Structure formats: structure tokens, C-alpha cells
Amino acid sequence: MVQLKINQKKYEIEADKSMPLLWALRDKVGLNGTKFGCGVAQCGACTVHVDGEAVRSCVTPISAVEGKEITTIEGLSPDLSHPLQQAWIAEDVPQCGYCQSGQIMSAAVLLKHNDQPTDEDINDVMTGNICRCGTYNRIRRAIHQAAKTVRKQKEDNS
Amino acid sequence: MRIINGMTRRSFLKTSAAVLGGLVIGFQLPSSGRRIEAKSKWASADIANAFLRIDEDGSITIMVNHSEMGQGVYTSLPMIVAEELDCDWNDVRIEPAPVNMVYSHTTFGSQMTGGSSSVWTEWERLRLVGATGKAMLIAAAAKTWEVAAESCRAENSVVYHDASKRQLTYGQLTKQASQMSTPKQVSLKDPKDFKIIGTPVKRLDTPEKTNGQAVFGIDVNLPGMLTAVVRRSPVFGGKVKSFSADKAKAIKGVQSVIQISSGVAVIADDFWTAKIGAQAVEIVWDEGPDANLSTQQQSEQYAALANTPGAVARKKGNITTAMDVSAKKLEAVYEVPYLAHAPMEPLNCVADVRKDGCDVWTGTQLQTAEHATAKAITGLPAEKVKIHTTLLGGGFGRRAVPDCHFVSEAVQISKAIQKPVKVVWTREDDIQGGWYRPRYYHKLSAGINDDKKPIAWKHTIVGQSITAGTPFEAFMVRHGVDVTSVEGAENLPYAIPNVLVDLHSPRHKVPVLWWRAVGGTHNAFAVECFLDEVAHAAGKDPYEFRRELLASEPRHLKALELAISKSNWGKPLPKGHGRGLAVHSCFGSFVAQVAEVSVSKEGKVKVHNVVCAVDCGPIVNPNTIDAQIEGGIAFGLAAALHGEVTLKNGRAEQSNFYDYKVLRMDEMPKVETHIVPSTDKMGGIGEVAVPPIAPAVVNAIFDATGKRVRQLPISSEDLRS
Ligand code: FES
Ligand code: FES
């Protein structure tokens with residue numbers, strides 16, 4: 001039995017401690033927004049936040065995240081209001097959509113650390129997320145746009 | 001959420017007009033006033049099934065019979081209906097169609113998605129659906145108001161009678177409309193009156209693809225469902241000789257281990273346990289006849305074959321005499337490897353086989369075939385077998401398998417264990433599992449006369465046939481030539497008087513399949529690169545050379561000239577940079593691309609930008625076109641730069657994204673898309689940007705370095721300076 005805190009809620013997971021977080025989320029908790037793409041930390045489809053940092057859940061055993069704050073795409077915002085989600089919609093980013101949870105979760109951490117990312121900064125972080133449909137240019141535009149929103153929100157609050 | 005997935009939606013048949021009292025349209029469509037010939041086989045379908053439903057709350061549900069795999073059909077197809085229906089776009093939602101004859105592809109005859117054909121093949125039918133709905137709503141309003149239908153008009157989901165200033169919404173009218181008889185003829189809009197078609201409409205499925213709510217096949221869960229991982233033969237064509245499941249069964253959570261047609265299935269409580277269990281099964285394989293097959297051996301075999309005459313795909317003039325009289329002759333060999341599709345969502349299928357029925361949830365491109373497969377395995381009557389199409393996490397052809405193996409496996413397992421099951425492929429299963437774009441070997445030769453004009457073109461293609469041995473063979477292989485092997489080569493558009501294109505189709509146990517853009521993925525590479533070689537040998541600019549040879553091909557020419565005019569063709573470039581061009585026509589569309597690249601000292605190729613011009617005829621959604629051009633370029637570029645499955649001892653040597661590399665963000669070029677304004681015949685868009693990118697890049701590398709790449713993926717070793 002492993003206790004996990006996911007999107008502010010506590011879950012008791014009946015599974016071996018070595019089970020990757022990805023499969024606990026999908027098969028045990030029923031949160032299907034986090035996707036399986038490779039299982040070996042190569043594609044980023046399974047990206048979630050653990051204590052605010054991006055983590056590839058396919059290679060993260062549940063034993064390693066006990067007691068930590070786990071956020072999945074379902075917990076990013078309750079109503080599509082995260083600046084990245086808004087920008088994703090404005091730029092109409094997804095095609096098949098399968099990679100997009102992971103893309104957004106990776107980008108969210110990027111923006112948290114850097115609200116004025118250059119193209120290089122975006123490459124550095126987002127190159128870990130594969131999109132087979134090739135939505136990269138729209139992703140890039142959406143991140144720049146969301147960064148603008150974040151900066152504006154900060155200005156308005158200060 | 002606007003898309004109702006197969007799990008939660010009410011059965012459309014049950015919620016027909018009789019139950020809801022609303023308007024349901026799609027059977028016995030009338031003919032159009034303007035196009036009387038519109039009557040075709042689907043119009044006489046005898047089932048009262050539907051494409052359009054209007055509920056009393058005003059919501060408009062459009063059934064989409066093509067699969068959404070990213071190409072945007074869940075938006076572009078409803079746009080066509082909405083346009084003629086004159087409804088408020090915000091009222092529109094979609095449902096994936098169940099399997100039914102009425103939803104068959106208008107050209108290919110079964111329910112399927114492929115060949116970049118969804119929009120152009122549904123264009124007329126869906127316009128009729130919308131126009132019929134509108135006519136019946138207007139008729140209903142006219143009857144209610146006791147006025148002539150001609151004095152009413154419809155706009156934004158409302159019917160107006162301007163003279164009496166009365167109006168009723170579609171929701172208010174739908175019950176009455178369902179009582180009206182279907183008109184015998186309806187008129188379609190003049191395209192100049194289009195309000196939705198031709199505008200950049202945002203996808204209906206973007207919100208749910210932005211918050212994790214979108215339901216793909218892999219996300220379907222049923223009560224009591226187990227998960228299976230299948231061990232398939234590591235050697236193509238191999239079979240299970242014997243196996244021991246003891247170690248697997250000892251793992252907590254493994255429920256059973258059974259043999260199925262494709263291998264050994266380990267069935268467990270969850271994916272992770274099933275995967276560990278699968279690894280623990282000890283299997284002795286009968287490796288079959290291809291146990292020693294290697295890439296090296298194939299390459300040698302193909303080279304030998306290319307020196308012998310093949311099945312003739314195209315013959316014009318006399319190639320032998322023309323070669324003899326040529327002032328200058330060129331010969332070159334181009335090679336491309338096997339390629340996996342590697343859709344982002346690994347293959348999967350949920351099946352629930354019961355005594356009284358079978359339900360299958362999967363992201364498939366071939367609904368009718370999957371239905372027939374599930375029916376055959378279960379022995380159930382057709383109406384007891386249901387295929388629920390989920391969203392596809394990428395298709396690219398991989399979810400259009402003629403032998404229906406990913407559905408077959410799930411149905412076999414569920415039938416055996418009498419429980420619902422989800423079969424999930426690992427990425428390793430995907431990359432090593434075959435169904436590749438075939439490996440091809442191209443031998444080309446050309447002759448140029450004293451006027452620097454090409455007068456002879458000989459092209460020999462060697463590679464496995466995709467359709468041989470499948471139900472598609474009957475109409476895709478003619479006189480020993482599989483059209484999918486030669487498309488883009490046999491229809492060479494250039495005005496060369498003597499042409500011979502022939503084909504060898506060696507057989508191997510490696511299963512092969514259509515891979516986004518199919519024949520064009522290798523033929524455009526060979527043809528457009530070799531043509532570039534011929535242009536340089538003739539001392540001509542590759543653009544001018546093509547322009548002259550395309551003088552009587554107006555659609556190629558327009559795309560070419562638009563791409564050139566938007567690029568900086570002929571203008572100076574920084575040192576180490578080069579520009580390359582390619583033109584290609586497939587799926588009824590015409591594409592030209594100019595790529596700008598640079599090559600580093602270490603031989604690393606960077607593609608900086610791509611200017612793409614496309615003539616796909618009249619357009620429905622320019623937003624989709626932009627996205628598909630960018631996506632197609634990314635897909636083709638992945639193959640040009642990285643993609644390769646090699647064989648050793650009959651096995652694939654690559655297994656996951658670290659050795660089967662795909663394009664990543666830092667390699668994505670800037671893409672500029674320009675659409676040729678066109679009233680010509682409508683073509684496809686989902687695949688058409690793929691073929692030109694590899695040759696455009698390779699030609700640009702030649703421009704930058706003087707080195708000619710003739711093998712994909714491009715090797716940086718060969719480009720080191
Ligand atoms: S599934 Fe975790 S990185 Fe690919
Ligand atoms: S949108 Fe399909 S993989 Fe990214």
C-alpha cells in the first residue's frame with residue numbers, strides 16, 4: 001500500500017512499490033490524461049509535476065513520490081484557465097492530441113521558472129517531448145503567448 | 001466537451017426521430033438541384049440511419065464516419081454540413097459514427113479513413129445532408145406559419161419569415177421538421193455565399209485535448225476489465241513452438257497466460273503487471289524462413305534484382321534508342337529503409353466478448369474490416385458486434401491494417417477469458433512489430449541530348465508490395481504492379497519523351513503497410529533528387545529546368561511558381577547554407593517545397609525553413625491545411641534525418657525512441673504555407689506535404705556542400721567536411 005497525494009487528493013494505492021507512477025495514475029486511480037508513449041523517459045507524454053517539477057512518470061516508481069505533491073494535467077486548472085491552456089486553444093495547437101498533456105505539463109514548469117523564454121530556452125525544455133503530428137511550431141507560439149499572459153498577470157498583481 | 005465518445009454516447013439508432021421527435025437526416029437523401037447526378041449507392045441504403053440530428057434544445061449533432069487521427073475531420077466534415085444547414089456553428093457537436101453500410105466511404109465502399117480522402121469524398125454527400133436539413137426546417141416553419149416556403153429564409157439556426165417578422169429556432173422546429181417528407185431535390189449554395197467553408201475554423205476537439213479529457217482507445221476502461229500484453233515473434237514470420245508460463249503466473253496480479261494466433265498473451269490486473277508478466281514467459285520460437293534476413297542481404301538482393309527487367313509500370317517511347325543517342329548519360333541508385341509509423345499512442349484495443357454480443361473500442365482507420373474480423377472470431381451475428389471508434393493518437397496508416405491484427409488479438413483474448421480486456425502494445429512492440437513502410441531500392445538512369453534536354457528516363461523500383469496477399473490486392477495490383485509501389489514514379493509529370501518505369505516486388509515475411517503518403521515517401525525522393533542531378537548535369541537551374549518540363553502541367557506549375565516566388569530562390573545565402581526544391585503530386589493535390597538548410601563541419605544538417613505551396617483545389621478549412629502541411633513536413637523530415645529500421649537475424653534492430661529517432665522541437669524548421677487559389681478538382685491534404693520534404697532537403701544539401709545524398713536517413717558522417 002502506497003499513499004499518494006494527487007491533485008490535492010489522497011489516494012491509497014494497492015500496488016507494488018516499484019510500479020511506475022504513470023500506471024498508478026492510469027490503471028489504479030483512473031486519471032487517464034497522463035499518457036503512455038515510450039515507457040523509457042524518451043517522449044514526455046507521461047509528464048506530471050512532483051513538488052512543482054516536471055517528472056517522467058513512466059520511470060518514476062510510486063515509492064519515490066510518496067508524500068509528495070503530484071499534479072497531473074487534470075489538476076493543472078479546473079476550467080482550462082491556465083495561461084498555457086488558453087494559449088493552446090488560441091493557437092489551436094493539438095492535432096491527434098495524444099502528446100499534448102505532456103507538452104503542456106512540461107511547458108508549465110518552463111514558464112514557472114522563466115516567464116520570458118527565448119526560442120532556445122523553449123527548445124531546451126521542450127525537446128524532451130515528442131509530437132509525432134508535428135505541432136511544434138504552434139506549441140512554440142503558444143508558449144510565447146502564455147508567457148506574455150503570465151508576465152501581464154504578474155504586473156497586474158504587483 | 002463536444003465529442004461524445006463510444007463509451008458514453010447514447011446509441012444513435014435508439015435515439016432516432018421516433019424516440020426524440022427531432023429531425024434526423026441522412027437516409028434517402030434527395031438529389032441536388034444543381035447536380036442531379038448526386039444520386040449514388042449510399043442514397044439508396046435501406047437503413048434509416050443518419051448523419052444529422054437536431055434536438056429540441058437546439059443542439060446539432062453531426063455523425064462523422066471518418067476517424068479523427070489529428071487530421072481534423074471532426075471539424076472539417078461538420079463544417080460542410082453546417083454550411084448548407086445554415087446553422088450556428090456554436091450549436092454543432094459531433095459523434096463518431098457506428099459501423100453501418102450507410103457510413104461507407106463514398107469511393108472505397110467500406111467504412112474507412114485513408115488516402116487523404118475524407119473531405120473530397122464526403123463533400124457532396126454532406127452538403128446534401130445540410131441542405132436537406134435546412135429545406136425540411138424551412139418547410140416546417142412555412143407549414144406552421146401557413147406561408148410559402150419560398151418566403152422563408154434560414155440563418156444561424158433560425159428560420160425567418162421577414163414579411164411577418166416571425167422567427168423560429170431550429171430547436172423549436174425540429175419536431176415539426178421530422179414530420180415533413182424528404183424533399184426530392186434541394187439546391188446547394190453558390191460557393192461565393194459560403195460563410196463557414198473556406199474560413200480558418202478552430203478545431204472542435206481542442207479544449208478536450210488541452211485538459212486531458214479526450215478519450216483515446218488506450219483510455220477506455222470497463223468494469224472488470226483486465227489488461228493484456230502480447231509477446232509476438234521477434235523474427236518476422238515466426239511462430240510459438242512451446243512456452244512455459246510458470247514464472248509469469250507466479251507474479252501477483254497476473255491472471256492468465258494464453259496462446260493466441262500472434263503469440264502469447266499475458267493477462268493481468270493492470271498494464272505494468274502484464275508487461276512484467278510478458279517478459280517472464282519463456283517461449284521457444286519456430287523462427288520460420290526469414291530467420292537469417294538482414295538489411296545487408298536485402299540490399300544486395302535488391303541491387304541484383306534492379307539489374308533485371310521488372311513488371312512494367314509505365315512505358316513511353318523507346319528508352320533503349322533514346323539512351324543510345326543521348327549526348328550525356330547519368331545513373332544513380334537511391335535507397336530508403338523500412339520505417340515504423342510510431343504513432344504517439346501505442347496500438348491498443350478494448351474488447352468485451354459476451355455470449356450475447358461483442359463490443360470493441362479502438363482507434364481504427366478500417367471500421368468495416370474490424371467489424372468483420374470480430375464477427376468471424378466470435379461467430380456472433382453482425383448486429384451483435386459493435387465497433388466504437390475512439391480518437392486515434394495518430395494513425396499515419398498504422399491503424400489501417402488489412403489483417404486487423406490489433407483488434408483480432410483483443411477479441412481472441414476476451415473470448416477466451418470471458419472478460420473485457422484491453423490489449424496494449426509497448427513502444428518496443430510497435431517499433432519491432434513490423435507493418436513498416438517497405439525498404440526500397442531505386443535505380444535511375446537518364447539521357448540528355450545536345451540541347452541539354454532530358455530525352456530518356458529509366459526508373460527501376462525494388463521493394464515489397466504493400467497490398468499483395470491482402471483484400472486490397474484485387475484492385476491495387478495490375479499486371480504485377482502494385483500502384484502503391486510506383487505512385488509518384490510511374491506518373492512522372494515531366495515532359496521527357498522516352499520513359500520506362502518498372503518494378504520488382506520481392507517477398508519477405510516482414511509485414512509492410514501504407515505509411516503516411518505511401519509511394520510518394522520514396523518515389524518523390526528518388527525522382528526529385530535524380531531530376532536535380534539531371535538538371536545540374538544539363539547545366540541548368542533546378543527551378544528553370546522543372547518549369548520547362550512542366551509547361552503542360554498547369555497545377556504542378558502553379559504550385560512550383562508560388563513556392564519559388566515566396567522563397568528567396570536565387571538570392572545569396574550565408575556560407576554553408578543551401579536551398580533545395582521539390583515538386584510532387586499525390587492524392588489529387590499538388591505541392592512544391594523550397595527548403596533552406598545548413599550543414600555544419602561535423603556534417604550535421606539543420607533545416608532552417610521550408611516554404612510550401614499547395615494546390616488542393618477548393619478548400620474547406622485553411623487552419624487544417626496549415627496544420628497538415630506543418631505536420632507532414634515534420635513527419636517527412638523525421639524520416640529524412642533519422643528514421644530507419646534495420647534487420648539482423650530476421651529481427652528489427654531498433655526498439656524505442658532512443659534508436660528509432662523522430663523529429664523533436666529543436667529540429668523543427670519554420671514553415672510557411674501558401675495555398676494556390678483554385679477551383680480545380682478537390683484533392684487531399686493529410687499526406688501531401690510528406691513526399692517533397694526529403695528531396696527538397698537533400699537537394700539543398702547539394703546546393704550547400706556539393707555532396708549528393710542518395711540514401712535515407714541522411715548520414716552526417718558522409719557530410720563531414
Ligand atoms: S512515456 Fe514517459 S517519457 Fe515516454
Ligand atoms: S498532437 Fe499528435 S502526437 Fe502531438
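The values are calculated or read from the model by the stated rules, or taken from the named source; none is laboratory data. Being a predicted model, the structure only gives us computed values, none of them experimental. Cβ sites come from the backbone with ideal geometry, for glycine too, and all protein chains shown count toward neighbours.
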* Say whether the condition of being free of Cβ contacts under 8 Å to residues at least 40 places away in the same chain and assigned by TED's automatic domain parsing to the domain that holds B:Ala694 is met by at least one residue in segment B:534-542. => yes
* Does segment A:119-135 contain at least one residue that is surrounded by fewer than 21 Cβ atoms within 10 Å (Cβ to Cβ), more than 20 Å from B:Leu204 (Cβ to Cβ) and away from every other protein chain (no Cβ under 12 Å)? -> no
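If the requirement is being away from chain B (no Cβ under 12 Å) and either hydrophobic (A, V, I, L, M, F, W, C) or closer than 23 Å to B:Tyr74 by Cβ (or both), which of these qualifies: A:Ala90, A:Ala24, A:Ala64?
Values: A:Ala90 fails: away from chain B (no Cβ under 12 Å); A:Ala24 fails: away from chain B (no Cβ under 12 Å).
It is A:Ala64.
Report whether or not B:Arg354 is surrounded by fewer than 24 Cβ atoms within 10 Å (Cβ to Cβ), modelled with pLDDT of 95 or more and under 26 Å from B:Asp270 (Cβ atoms). It would help to see each step written out before you state the result.
Numbers: surrounded by fewer than 24 Cβ atoms within 10 Å (Cβ to Cβ): yes; modelled with pLDDT of 95 or more: yes; under 26 Å from B:Asp270 (Cβ atoms): yes.
Yes; evaluated as a whole, the condition is true for this residue.
Please tell me if A:Tyr136 is without any contact (Cβ under 8 Å) to a residue 24 or more places away in the chain and either within 23 Å of B:Asn609 (Cβ to Cβ) or within 16 Å of ligand 1 (Cβ to nearest atom) (or both).
Values: without any contact (Cβ under 8 Å) to a residue 24 or more places away in the chain: yes; either within 23 Å of B:Asn609 (Cβ to Cβ) or within 16 Å of ligand 1 (Cβ to nearest atom) (or both): yes.
Yes.
Does B:Lys415 meet the test of being of a type in the set (Lys, Arg), assigned to a strand (DSSP E or B) and out of contact with any Pro (no Cβ under 9 Å at 6 or more places or on another chain)?
Criteria not met by B:Lys415.
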* Structure fact -> Pairing a residue in segment A:111-127 that is under 16 Å from A:His82 (Cβ atoms) with any residue that is outside any helix (DSSP H, G or I), where Cβ atoms lie under 8 Å and the two sit 6 or more apart in sequence or on different chains, gives A:Leu111/A:Pro117; A:Lys112/A:Gly52
* Listing of strands (runs of 3 or more DSSP E) fully contained in segment B:211-279 that carry 1 or more residues being farther than 25 Å from A:Ala45 by Cα and within 14 Å of chain A (Cβ to nearest Cβ) -> B:254-260
* Of all residues in segment B:378-399, count the ones that are surrounded by fewer than 22 Cβ atoms within 10 Å (Cβ to Cβ) and part of a loop (DSSP other than H, G, I, E, B). => 3
* Structure fact -> Of (1) within 14 Å of B:Asp86 (Cβ to Cβ); (2) in contact with an Asp or Glu (Cβ under 6 Å, 6 or more places away or on another chain), B:Arg203 fails just (1)
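Kindly evaluate A:Asn114 against the criterion of being more than 13 Å from chain B (Cβ to nearest Cβ), modelled with pLDDT under 95 and more than 25 Å from B:Gly686 (Cα to Cα). Steps first, answer last, please.
Details: more than 13 Å from chain B (Cβ to nearest Cβ): yes; modelled with pLDDT under 95: no; more than 25 Å from B:Gly686 (Cα to Cα): yes.
Answer is no for this residue.
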* Asked: What is the number of the single condition among (1) assigned to a helix (DSSP H, G or I); (2) within 13 Å of another protein chain (Cβ to nearest Cβ); (3) modelled with pLDDT under 95 that A:Ala146 does not meet?
  -> (3)
* To do: Could you grab me the full set of residues in segment B:646-669 that are crowded, with 18+ Cβ neighbours inside 10 Å and in a strand (DSSP E or B)?
  => B:Leu647, B:Arg651, B:Ala652
* Asked: Do we have A:Gly44 as away from ligand 2 (no atom under 16 Å from the Cβ) and more than 9 Å from every other protein chain (Cβ to nearest Cβ) here?
  -> no
* To do: Enumerate the helices (runs of 4 or more DSSP H) found wholly within segment B:529-641, keeping only those where 2 or more residues are within 30 Å of the chain's Cα centre (by Cα) and farther than 30 Å from B:Gly393 by Cα.
  => B:542-549, B:554-566
* To do: Check B:Glu68 against each of (1) buried (at least 22 other Cβ atoms within 10 Å of the Cβ); (2) of a type in the set (D, E, K, R); (3) at pLDDT below 95 and name the one condition it does not meet.
  => (3)
* Could you tell me whether segment A:59-68 includes any residue that is more than 16 Å from ligand 1 (Cβ to nearest atom), closer than 23 Å to A:Val150 by Cα, of a type outside the set (A, V, I, L, M) and touching a residue at least 12 places away in the same chain (Cβ under 8 Å)? => no
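Given the criterion crowded, with 22+ Cβ neighbours inside 10 Å, closer than 26 Å to B:Pro346 by Cα and within 13 Å of ligand 1 (Cβ to nearest atom), identify the matching residue among A:Ala45, A:Ala108, A:Ala24, A:Ala41.
When all the criteria are applied, what remains is A:Ala45.
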* Residue that is at negative phi, within 14 Å of chain A (Cβ to nearest Cβ), in contact (Cβ under 8 Å) with a residue 40 or more places away in the chain and not hydroxyl-bearing (Ser, Thr, Tyr), where the choices are B:Val607, B:Val597 -> B:Val607
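Might you check whether a residue that is without any contact (Cβ under 8 Å) to a residue 40 or more places away in the chain and more than 14 Å from chain A (Cβ to nearest Cβ) occurs anywhere in segment B:671-681? Spell out the reasoning first.
Taking segment B:671-681 as the starting set, the residues that turn out to be without any contact (Cβ under 8 Å) to a residue 40 or more places away in the chain are B:677.
Still in the list and also more than 14 Å from chain A (Cβ to nearest Cβ): B:677.
Yes, segment B:671-681 contains at least one residue that is without any contact (Cβ under 8 Å) to a residue 40 or more places away in the chain and more than 14 Å from chain A (Cβ to nearest Cβ).
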* Asked: Do the conditions hold for A:Leu111, that is, is it away from ligand 2 (no atom under 16 Å from the Cβ), under 14 Å from the mean Cα position of the chain (by Cα) and not assigned by TED's automatic domain parsing to the domain that holds A:Asn137?
  -> no
* Asked: Within segment B:81-106, restricting attention to residues that are touching a Lys or Arg at 6+ places or on another chain (Cβ under 6 Å) and not in a loop (DSSP other than H, G, I, E, B), which residue is surrounded by the fewest Cβ atoms within 10 Å (Cβ to Cβ)?
  -> B:Arg93
* To do: Would you mind telling me which numbered condition in (1) touching a residue at least 24 places away in the same chain (Cβ under 8 Å); (2) within 14 Å of chain A (Cβ to nearest Cβ) B:Asn699 fails?
  => (2)
* Asked: In segment B:390-428, how many are under 19 Å from B:Lys275 (Cα atoms) and within 11 Å of chain A (Cβ to nearest Cβ)?
  -> 6
* Residue tally, condition in contact with a helix residue (DSSP H, G or I) (Cβ under 7 Å, 6 or more places away or on another chain) and of a type outside the set (Phe, Trp, Tyr), over segment A:136-154 -> 12
